[in-house]
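See below for the structure under consideration.
The values are calculated or read from the model by the stated rules, or taken from the named source; none is laboratory data. Because the structure is a prediction, the values reported are computed rather than measured. Because the Cβ atoms are built from the backbone with ideal geometry, glycine has one as well, and the counts that use them run over all protein chains shown. Surface areas here come from the heavy atoms of the whole protein model, side chains and all, with no ligands, DNA or RNA. Shrake-Rupley method; radii C 1.70, N 1.55, O 1.52, S 1.80 Å.
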Amino acid sequence: MDMHKEVAKLREQMHVLARLKTKGFLNEAKYIEQTMELTAKVNKLQAELKKLTRSDDEDETINQIEMLIDFFEKQSKPITEFDESAFESIVEKNVVVNQHELEFHLIGELKLRENIE
C-alpha cells in the first residue's frame, strides 16, 4: 500500500513540474532532468510491485498444487468411478481442443489432455 502511495506522490510531483514549466517558472532542461528522475523512480516502484504481485500469484499456485497432491495422497485406492464433487474441486474448466481431444485445466495451473476417440 505504501508503494502505491509513493507512486501517486511521484506522479503528483510530475504534474507540479509540468505546471511550473507551463507557467515559466522552470526551464526545459531542468524540467526534463527532474521528470526523468521521477519517471525512473516510478518505474522502479512499479517493477517492485509487479514482483510482489507475481510472488503472491506463485504462492497461490503452489498452495493449489499442494491441495491437489493432498487430495490424491489421501486416496487409499485408485479412483475407478466418477466423483462429481472431487472433479469440481480440482478441475477449473474443460476445453474442447478438437473433435478428438479435451483439455482439463486443473487447480495450480496444470493442464491435462485426453483423447476421446
*Report, to the nearest 10°, how far helix 28-73 tilts away from the longest principal axis of the Cα atoms in the chain, using its own Cα long axis and a range of 0 to 90°.*
10
_Residues residue 5 and residue 28, FRET efficiency given R0 of 30 Å [Cβ-Cβ distance, rounded to 0.05]_ = 0.50
*Size of electric dipole in the chain: Cβ of Lys, Arg +1 and of Asp, Glu -1, about Cα centre, debye, nearest 20*: 1440
*First measure r as the distance between the Cβ atoms of residue 19 and residue 43, then evaluate 1/(1 + (r/R0)^6) with R0 = 22 Å and state the FRET efficiency to the nearest 0.05.*
0.50
*Would you mind telling me the share, in percent, of accessible area of the range 47-117 contributed by carbon and sulfur at probe 1.4 angstrom?*
51
*Accessible area per residue, 1.4 Å probe, Å², for the chain: what's the number?*
81
*If one takes the longest principal axis of the Cα atoms in the chain, at what angle in degrees, from 0 to 90 and to the nearest 10, does the Cα axis of helix 2-22 lie?*
30
*Would you work out the relative contact order for the chain, in percent, from Cα pairs under 8 angstrom that are 6 or more residues apart?*
17
*For residue 57 and residue 104 in the same chain, what is the full-extension length gain: residue separation times 0.36 nm, less their Cα-Cα distance, in nm?*
14.9 nm
